[in-house]
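Comments concern the structure below.
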Amino acid sequence: MTLYVDADQDLRHTSYVYTGLFHLAHQKRIALRVRYPSPGERQKSVRGSLLAQVEIRHSESGKAIPACFDLRDQSYIFYPSALEHCSIYFKRSYHELDVESLSEDVRSRVRPFGLTYPCSDLRSYPVLARAVARAAFRAVGRPKELLSWPYKLLDYGRLPGPADFEHSSAASKEPVIVFQPRLWEQSELVGECAATINEQRIEMVVELRRAFGERFCGGLVPTPLARERYPELVSSIHPRSYPQLARRSLIGVYTRGLHHSTAWKLGEYFAASMCVVAEPVRNELPAPLQADRHYLPFASAAGCVDACARILDDPERQQRMRVAAYEYFMQEVRPAARLLRCIEQVRQLAA
């Protein structure tokens, strides 16, 4: 199997793919070869792209099949060249109506990728370091661009480890509710209303704090906007301590990502075997989530409070939901498990 590694990608989004593939290679489940595409090659990334490309060779027929992983939030935007050349196009934000809008000859190639979350480990880091070094060499003579590359590699190295959120459903939990949403400036969004998104998140933080007091942990992510307008609602949780908080806490509250994407925190909650209270997930997943098993749904701040209360008052429900969440994570979300399932789908094409 060949992985095309390109430092021009958004490494935070593609980190999940790299981590899963290098873990499989370490387990000797796959033989992984790395290539660094040069400018002009089809696999060369546009700066900031959220697309990881691979080529998978069938062990018996020897046929090589190109595939890719589209990590965009937007379900309605695709990478045309990859869509044309790849036999399977795994899309994180897979929405049936948007896939149906594609031409008939390509829509059958698009498959749901599933839940992801950013993570990195030492196995993938050296390969990304070489990719960054190659990019920095090409940037000689452009000081501003040259200086940006070490920071990009540093950010990648600071991502949580793939197992940092993992916490078995058999381990103990504290009766704590976690919710830490971000507010957005309108200038940061395209096709979304920042005021609508922000108002909902603010109301939920207020109501959860009012209803549960010290049993609620979180608040608004401390962006400049949140600090200026809602300082009393800003979270005091340090980003480096967030995985530990998730592991020890019982309930995670989930709201959709931008453009109705499936947000990273859902995969993180399942990794931590949390009881999830969630807005229903719009995008299609390879293995559908079941309401009242994998999560309790809500449609308003009051509904969220009610769902959290039902979980806190019912130890049997807590255990059932935690077991279901952790099983789903181990089978469908853990990076190596998800990437292996994708590889198997690709190999079936060459059988």
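Looking at the stretch 169-191, is at least one residue outside the structural domain of residue 301 (by TED's automatic domain parsing), in a loop (DSSP other than H, G, I, E, B) and within 22 Å of the chain's Cα centre (by Cα)? Yes: one or more hits. List pairs: first in the stretch 310-324 and modelled with pLDDT of 95 or more, second of a type in the set (Ser, Thr, Tyr), Cβ under 7 Å, 6+ apart or cross-chain? Note: pairs meeting the criteria are 322/169; 322/273; 323/169.
Each row is one residue, and each column tells you yes or no for (1) within 19 Å of the chain's Cα centre (by Cα); (2) farther than 21 Å from residue 334 by Cα.
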{"residue": "232", "(1), (2)": "no, yes"}
{"residue": "241", "(1), (2)": "yes, no"}
{"residue": "250", "(1), (2)": "no, no"}
{"residue": "264", "(1), (2)": "yes, no"}
{"residue": "269", "(1), (2)": "yes, no"}
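When 199, 207 are checked against the criterion of being without any contact (Cβ under 8 Å) to a residue 12 or more places away in the chain and among the charged types (D, E, K, R), 199 stands alone in meeting it.
Keeping to the stretch 62-88, report how many residues are more than 18 Å from residue 282 (Cβ to Cβ) and under 17 Å from the mean Cα position of the chain (by Cα).
Start the filter on the stretch 62-88 by keeping residues that are more than 18 Å from residue 282 (Cβ to Cβ), which leaves 62-69, 79-88.
Filter once more, keeping what is under 17 Å from the mean Cα position of the chain (by Cα): 68-69.
Of the residues in that region, 2 qualify.
The values are calculated or read from the model by the stated rules, or taken from the named source; none is laboratory data. Values in this document were obtained by computation on a predicted structure and should not be read as measured data. A quick note on method: Cβ atoms are made from the backbone with ideal geometry, for glycine too, and the neighbour counts reach across all protein chains shown.
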